[in-house]
Amino acid sequence: MNLADKWLQSWIDWDYSDGTWYDSNGNRNMEKILAYVRPYPTATAGIPHNFTFNSTTLRFEFFFSPDIDIEAPTEIYIPSLRYTAGYDIAFDPEDFAYTMQGDFVYVFYVGPLETFPDVVKVVVTPPTSDKRMFWSYMMARENL
């Protein structure tokens, strides 16, 4: 999937109910599911360049060139299944803001037009306000 992400390609996996997604009791196989659940941009107000996701640290990075003529926000899917303790979002440059609706984040420019950027970096990480939550999540994931 990382290679598909690198080249901005979509991907799909089909479940024939062979027990890999669910066990014989109907319980979800979270190890398999978490291998596929990851953040990704669903709509870009400009030109997407690349994005990466580190499944160990849960760090997601997305680079794109915004288009000043597009009024719609950039939309990023950030799965709550992955970020159970929430997440932090950072922008470079910092002249961006976002709103959330469910597992989607809508990113838009709030800075002056004179400094409209050529390239934007969006970074999503587990919340830094409580590192213990992140490590608790990592330990729980190891015990799936």
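For the reader, a short list of remarks on this structure follows.
- Considering only residues in segment 36-72 that are touching a residue at least 24 places away in the same chain (Cβ under 8 Å) and small (G, A, S), the one that is surrounded by the most Cβ atoms within 10 Å (Cβ to Cβ) turns out to be A45.
- Selection from segment 43-72 of residues that are polar (S, T, N, Q), modelled with pLDDT of 95 or more and assigned to a strand (DSSP E or B): S65
- A count restricted to segment 1-30 and to residues that are loosely packed, with under 14 Cβ neighbours inside 10 Å and at pLDDT below 80 stands at 20.
The values are calculated or read from the model by the stated rules, or taken from the named source; none is laboratory data. Because the structure is predicted, anything quoted here is derived from the model rather than measured. When we count neighbours, we look across all protein chains shown, and the Cβ atoms used for this are built from the backbone with ideal geometry, even at glycine.
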